[in-house]
Amino acid sequence: MYYYIIANHKNMSSKQKQIPYSCQTIDQNDVEEVVKVLKAPFLTCGPKVAEFEKSLAKCAGVKEAVVASSGTAALHLAYIALGIKPGDEIITTPLTFSATSAGFCYLGAKPIFVDIDPLTLNIDPSKIEKKITKKTKAISVVDFAGLPCDYQAIKKIANKYKLPLVADACHSFGAEYFSKQVGGLADLTCLSFHPVKAITTAEGGAVLTSDVKLAEKIRVFRHHGLIKNPNKGGWYYEIKELGYNYRLTDLQCALGLSQLKKLNKFISQRRQIAQNYRSAFKGLAEIICQQEPKNIKSSYHLFVVQFKTKNRRMIYDQLKEKGIFTQVHYLPLHLQPAYQKYGYKKGDFPVAEKYYQLCLSLPIYPTLTKQDQGFVIKAIKDLIK
Ligand SMILES: Cc1ncc(COP(=O)(O)O)c(C=O)c1O
């Protein structure tokens with residue numbers, strides 16, 4: 001038995017079926033694990049936190065996992081640990097959610113956007129090197145829609161310039177790059193456990209790394225910057241630098257542990273749904289799907305398409321009328337009002353901008369039935385006739 005909630009749209013007839021673009025998959029085991037913690041001594045700062053961290057690190061093949069209250073908090077902590085300061089520059093993609101850049105903009109650093117590859121929709125490695133300056137302090141990539149970036153090419157550039165590589169893998173937990181799990185492909189990898197992601201803790205996130213010192217710094221800043229010193233008394237701690245309360249609760253970690261056991265199943269269900277879309281749209285000149293290069297396996301957080309000639313707004317609205325809720329990921333960050341202060345303008349990143357004009361994210365989540373997906377596919381085919 002799975003539970004999920006779909007928001008009721010005010011213009012919908014109550015009898016009409018509603019298909020969201022994504023939603024969580026919660027079963028009875030998840031519920032029981034959370035209830036057990038509710039009856040236990042620690043709701044937060046208890047044993048489930050370390051247990052979840054250990055399981056995450058093992059699953060991703062890294063030495064350390066540090067959980068945090070959100071993917072955004074995880075990104076912020078990663079850049080704090082790297083010592084990012086005002087005036088620093090971070091190379092990143094414009095085709096992402098604001099949190100990718102906000103993580104270092106909070107610290108006064110500037111996003112240096114690099115356009116995307118038109119086929120994979122990930123940062124184009126061939127355009128990175130010419131954006132590197134003396135102020136560049138890190139390269140920050142996003143595995144868009146769940147598809148790992150070209151890590152081989154990007155790592156080569158990062159190594160050449162001795163720059164740390166941060167992966168915003170908030171879309172790609174469970175994805176594979178040349179048989180390696182996402183998590184150990186960058187120096188620091190950030191995950192999100194928001195309900196639409198591969199696994200959920202309601203809100204939540206994590207930083208994965210094999211750098212033990214960075215992990216320790218992240219743990220300190222997650223908990224107010226607090227460093228204990230038992231030599232001065234069991235109660236004694238010092239705060240040398242102000243940190244945050246970015247902790248994840250034991251309730252959430254218990255849910256995460258239960259969800260993690262189902263990660264592989266969820267990813268294979270998502271892959272099957274993606275395969276169904278690809279087969280249904282094969283040979284249709286109107287629909288362009290994201291390319292999945294050989295040896296790179298997406299986790300299919302999103303299934304994104306582009307409509308070559310049809311009006312995307314019309315398709316979005318017409319699908320909504322039928323109870324099919326799609327989404328648009330994303331208005332490129334350099335066009336968001338909050339990023340105008342960095343001096344970017346329309347036309348700076350034409351590949352990402354063109355993608356935004358044509359794109360739509362179709363429903364994909366483990367419990368999407370074949371019948372409901374068939375309904376979505378038919379509705380789209382009818383609209384592009
Ligand atoms: C690419 C990307 N990075 C970061 C985040 C932030 O994650 P959270 O919502 O857990 O803070 C998201 C959230 O959707 C995201 O899509």
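The values are calculated or read from the model by the stated rules, or taken from the named source; none is laboratory data. Not measured: the values here are computed from a predicted model. Virtual Cβ from ideal backbone geometry, glycine too; neighbours counted across all protein chains shown. Remember, those area values only see protein heavy atoms, side chains included, never the ligands or the DNA or RNA. Shrake-Rupley method; radii C 1.70, N 1.55, O 1.52, S 1.80 Å.
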Next item on the list: Using 0.36 nm per residue of separation minus the Cα-Cα distance, give me the extension gain between residue 28 and residue 245 in nm, one decimal.
Entry: 75.1 nm
Next item on the list: Given the peptides 137-143, 288-294, arrange them by the average over their residues of other C-beta atoms within 10 Å, most packed first.
Entry: 137-143, 288-294
Notebook entry, point to check: Which three extents, in whole angstrom, do the alpha-carbon atoms of segment 256-330 cover along their principal axes, largest first?
Noted result: 42, 30, 22
Next item on the list: Take residue 51, project a point 7 Å from its Cα along the Cβ direction, then tell me which residues of segment 252-274 have their backbone nitrogen under 12 Å from it.
Entry: 252-259
Next item on the list: May I ask you to list the lysines whose Cα is less than 17 Å away from that of residue 162, ignoring any residue fewer than eight positions away on the same chain?
Entry: 130, 131, 134, 135, 137
Check: What ³J(HN,Hα) values, in whole Hz, does the Karplus curve 6.51 cos²θ - 1.76 cosθ + 1.60 give for segment 261-272 when θ = phi - 60°, with x put for Gly and Pro?
Finding: 4, 9, 3, 4, 5, 4, 5, 5, 5, 5, 5, 5
Next item on the list: Set the Förster distance to 30 Å, then compute FRET efficiency between residue 161 and residue 106 from the Cβ-Cβ distance, nearest 0.05.
Entry: 0.80
Item checked: Reachable aspartates and glutamates from residue 240, criterion Cα separation under 19 angstrom, eight or more residues apart if same chain -> 216
Note to self: Using a Förster radius of 35 Å, what is the FRET efficiency between residue 211 and residue 43 based on their Cβ-Cβ separation? Nearest 0.05, please.
What the structure shows: 0.70
Item checked: lysines with Cα under 17 Å of residue 308, excluding same-chain neighbours fewer than 8 positions away -> 282, 354, 381, 385
Next item on the list: Could you order peptides 184-194, 335-345, 260-270 by the average number of other Cβ atoms within 10 Å of their residues, highest first?
Entry: 184-194, 260-270, 335-345
Next item on the list: Roll a 1.4 angstrom probe over the protein heavy atoms and tell me the percent of accessible area of segment 114-154 that is carbon or sulfur.
Entry: 58 percent
Notebook entry, point to check: Relative to a virtual label point 7 Å from the Cα of residue 153 in the Cα→beta-carbon direction, which members of segment 91-111 show backbone nitrogen distances below 19 Å?
Noted result: 91-96
Note to self: Let's see if you can work this out: charge +1 on each Lys and Arg Cβ, -1 on each Asp and Glu Cβ, no other charges. What is the dipole magnitude of segment 220-324 about its Cα centre, in debye to the nearest 20?
What the structure shows: 380 debye
Next item on the list: May I ask you to order 80-93, 118-131 by the average number of other C-beta atoms within 10 Å around their residues, highest value first?
Entry: 80-93, 118-131
Note to self: Starting from 0.36 nm per residue, how many nanometres of slack lie between residue 367 and residue 342 once their C-alpha separation is accounted for?
What the structure shows: 4.9 nm
